[in-house]
Amino acid sequence: MKIGVPKEIKTHEYRVGLTPGAVREYVAAGHSVLVETNAGTGIGTTDDQYRKAGATILDSAHEIFASSEMIIKVKEPQSSEWAQLRENQILFTYLHLAPDPEQAKGLLKSGCTAIAYETVTDAHGGLPLLAPMSEVAGRLAIEAAGSALKRYAGGRGLLIGGVPGVQPARIVVIGGGVVGTHAARMAAGLGAEVTILERSIPRLRELDELFEGRVRTRFSTIDAVEEEVFAADVVVGAVLVPGASAPKLVSRGMLSSMRKGSVIVDVAIDQGGCFETSRPTTHADPTYEIDGVIHYCVANMPGAVPLTSSQALNNATLPFGLALANKGFAAVLENPHLRAGLNVYRGRLTYRAVAESLGLPFSPIEQAAA
């Protein structure tokens, strides 16, 4: 199969779909890999390194899209990219379609087969291609919060861990999944006072055992969210409903009762965000203020550390990408975990939560592929 790797074009996105090490794996399996020139610049990788790994370097994204049977990316295709996709072409990348009707329409019109990293599953019920970036984003959330808390950035002028004799920051994490766990780990490691809100009692038990009393856990109710958010210096939104839009757990009206100069970090922004006042921002302009509360809502947080992120993502995606390269669409039909990743197939939405979020018809893959 001919596999294409275009350079990422989203604002301040420095990751790359395939590292040279991953390219070698595809080439060793008998596939051709086409890489757009300078695609690896963000991770400090040259075209020559890709050539040594066995890739062919092409001069433009147009050539990549026109020549490839499968496109492997990191972030969702931008309008200029989805316009170049075509029928019988596989797109393998993060999509986050639920809050993005324009992208969904573009993919449906293209006729391509689009498989979303974020909904591919594993035998344990997890999301193995989302997990590595969730780990990175959870950890970065605390770094971002620490910067936004500084007075010159509009924050309260508070050091996350405090110093002896001075109260540390109070950090509330809404959601106890991968993002929430890693955010809590980073915050607790810095000495913050950390609370995780979560609705799964079994997960709360796991978190209690994991943190051994270093982090408070609390069952998430409307009352609990209000009490914790109003007393917090930092609130990290880490709620995930696979494929669907994130629920809005903190309303605009609640901001007036939050501490002035407190910080919201909405890691769920890729799925629409879990704060009513969230809107996507970029690394170039990451924050804005509403009612005295600083909002950090960068939609590609792991792009800030592309070397770590690209390597972690490639480690996770490689087995699935090779399966697609080896068998084409048949791999989707044979593998239930890849099938869970199928969001768009030849003009139809094949992931129920996405279809429901967008208010568009849902077509089970058995029907769509008939």
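The values are calculated or read from the model by the stated rules, or taken from the named source; none is laboratory data. Quantities reported herein were computed from a predicted structural model and do not represent experimental measurements. All Cβ positions, glycine included, derive from the backbone under ideal geometry; neighbour counts span all protein chains shown.
Going residue by residue through the range 13-34, is there one that turns out to be over 21 Å from A312 (Cβ atoms), in contact with a strand residue (DSSP E or B) (Cβ under 7 Å, 6 or more places away or on another chain) and part of a helix (DSSP H, G or I)? Within the range 13-34 (the criterion being over 21 Å from A312 (Cβ atoms), in contact with a strand residue (DSSP E or B) (Cβ under 7 Å, 6 or more places away or on another chain) and part of a helix (DSSP H, G or I)), the answer is yes, since at least one residue qualifies. Only one of G189, G243, G253, G237 is over 22 Å from G272 (Cβ atoms) and not assigned by TED's automatic domain parsing to the domain that holds Y351; which? After ruling out the rest, the residue left standing is G189.
Here is a check on your reading of the model: is L108 surrounded by 23 or more Cβ atoms within 10 Å (Cβ to Cβ) and at pLDDT 95 or above? Break it down stepwise before answering.
Working: surrounded by 23 or more Cβ atoms within 10 Å (Cβ to Cβ): no; at pLDDT 95 or above: yes.
Judged against the criteria, L108 is not a match.
Please work out if V229 is assigned to a loop (DSSP other than H, G, I, E, B) and under 22 Å from E143 (Cβ atoms).
Numbers: assigned to a loop (DSSP other than H, G, I, E, B): no; under 22 Å from E143 (Cβ atoms): yes.
Criteria not met by V229.
Looking at I269, I264, just one residue is under 18 Å from V136 (Cα atoms), in contact with a His (Cβ under 8 Å, 6 or more places away or on another chain) and among the aliphatic types (A, V, I, L, M), and that residue is I264.
None of A268, A246 is crowded, with 17+ Cβ neighbours inside 10 Å, touching a residue at least 12 places away in the same chain (Cβ under 8 Å) and either assigned to a loop (DSSP other than H, G, I, E, B) or at positive phi (or both) except A246.
Within the range 156-170, residues that are closer than 19 Å to I294 by Cβ have Cβ atoms under 9 Å from residues that are part of a loop (DSSP other than H, G, I, E, B) and acidic (D, E) in these pairs: R156/D233; L158/D233; I160/D233; P168/D233; A169/D233; R170/D233, counting only partners at least 6 apart in sequence or on another chain. Restricting attention to the range 11-23, the residues that are within 17 Å of the chain's Cα centre (by Cα) and either over 15 Å from N38 (Cα atoms) or not assigned by TED's automatic domain parsing to the domain that holds T317 (or both) add up to 1.
Looking only at the range 111-143, which residues are among the small types (G, A, S) and either at pLDDT 95 or above or outside any loop (DSSP other than H, G, I, E, B) (or both)?
Of all residues in the range 111-143, those among the small types (G, A, S) come to 111, 114, 116, 123, 125-126, 131, 134, 137-138, 141.
Selection gives G111, A114, A116, A131, S134, A137, G138, A141.
Which ones in the range 270-313 are of a type in the set (V, I, T) and either under 16 Å from V74 (Cβ atoms) or touching a strand residue (DSSP E or B) at 6+ places or on another chain (Cβ under 7 Å) (or both)? Even if it seems obvious, please write down each step before you answer.
Looking only at the range 270-313, we keep the residues that are of a type in the set (V, I, T), and these are 277, 281-282, 287, 290, 293-294, 298, 305, 308.
Once the filter is applied, which keeps residues that are of a type in the set (V, I, T) and either under 16 Å from V74 (Cβ atoms) or touching a strand residue (DSSP E or B) at 6+ places or on another chain (Cβ under 7 Å) (or both), the range 270-313 yields T277, T281, T282, T287, V293, I294, V298, V305, T308.
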